[in-house]
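Below is one structure, written out as structure tokens; the observations come after it.
The values are calculated or read from the model by the stated rules, or taken from the named source; none is laboratory data. These numbers were taken from a predicted model, which means no experiment stands behind them. Don't worry about glycine lacking a Cβ; one is built from the backbone with ideal geometry, like all the others, and counts go over all protein chains shown. Each accessible area value is taken on the protein alone, full model and side chains, heavy atoms only, with ligands, DNA and RNA left out. Shrake-Rupley method; radii C 1.70, N 1.55, O 1.52, S 1.80 Å.
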Amino acid sequence: MNNVLESPLDLKVDLFRVRCAFLPISSKWAELALCLGLDYSWIEEMKAKHGRAVDKCVTELAVKWLRGGGRRRPSWEQLVKVIGAEMGGNNCAYAEKVASYAFLEGVPELCSKVDEKPLGMSSASEVQRALEQVAHNWMELGICFGISYDLMEPLGQGDPQRSLAAVVQLWLGERYDSAAFGRPSWRKLVEVVGWRCGACNPSLAESIAKQHEATPIASPPTCQPNHQEQLQMDKKHKLTPNDLEAIFDFVEGAHLHWKDIGRQLKMGHTETSSIVTTPGLTQTKDYFQELLHRWLKRAPPIHPFPTTEDLADALRGAGSENIAYKLAKHNDFMSAARII
């Protein structure tokens, strides 16, 4: 295990990722709780409190463990050991995913078609209406938005719709780390409702997505590029630090999910997280620039050197198809920033 996996986990910082790690094995949440050192009496209390609402039991388990409620200290190292070696069944493959944060991957292509323009407080009523049928999952939604559990804990009394309204206000008011979780948008809402929340509702996510499709950039054409058009670019152009200024000019003003791009470029969670704490970096464009600087300093796992194709594929995988399309359309990559 490396030092990062051994480092203690923190409720304020790690609740979303820990809960995501629990979800694929949520049917065994009680066994997981016992292996993490929680008391059997607490497990029975949760069963009585939530019944068959497994997603809520998983949330309570993640909070309890991160608060030190089990005999196994909260760390990725301990969680990997428990899942891979101590729980029943063959969970070794999934334990490896947890160790590499691969469980965070896999958001469907549908999300890339949804409007990603930032939402403000004026959208509160519309967002509330979109979520009203999943109001009982207000806590899970808030965690996936990145809102601190400590901020939401006092909201748990009374009507779920009121609790949901308070969470929506916190989200749209960006009372969370928006650099890490992304700013409020319909795209983020669709991702959370359909594939992150635990009590996922893909049909509701698809309905919201249809109502809030992204408006394509006027140029290039709105149609997706075909294979022949993509082949027009110099796919194997070797990117060097000298290309970075052109890249940054090229994406100026675009709303980029830089952490998603980092994952597509096979940058580990530890490395992308360290970017946020780099002195002097405060804006998304700063994080993106630092991400590419670090990417160019190491060899990707597929190619011997970073290429234009790698970057375009990463942009597409992170939902920035229009930017990737522009890259693909021009033979001379260095001229692209001047043309667009």
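Key figures
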read-out	value
Surface share of carbon and sulfur [accessible, 1.4 angstrom probe, percent] for the stretch 136-176	48 percent
Å² per residue, accessible surface of the stretch 105-152 at 1.4 Å	44 Å²
All-pairs Cα distance distribution in the stretch 147-187, expressed in whole percent, bin size 10 Å	28, 53, 18, 0
Calculated FRET efficiency for the pair Asp159/His50, C-beta based, R₀ 22 Å, to 0.05	0.75
Peptide ranges 277-290, 183-196, 125-138 listed from the most packed, as the mean C-beta count within 10 angstrom indicates	183-196, 125-138, 277-290
Accessible area of the stretch 6-113 belonging to carbon and sulfur atoms, whole % at 1.4 Å probe	50 percent
Cβ charges +1 (Lys, Arg) and -1 (Asp, Glu), total dipole of the stretch 1-101, debye	220 debye
Full-stretch length increase - Gln283, Lys12 - with 0.36 nm per residue and alpha-carbon distance subtracted	95.4 nm
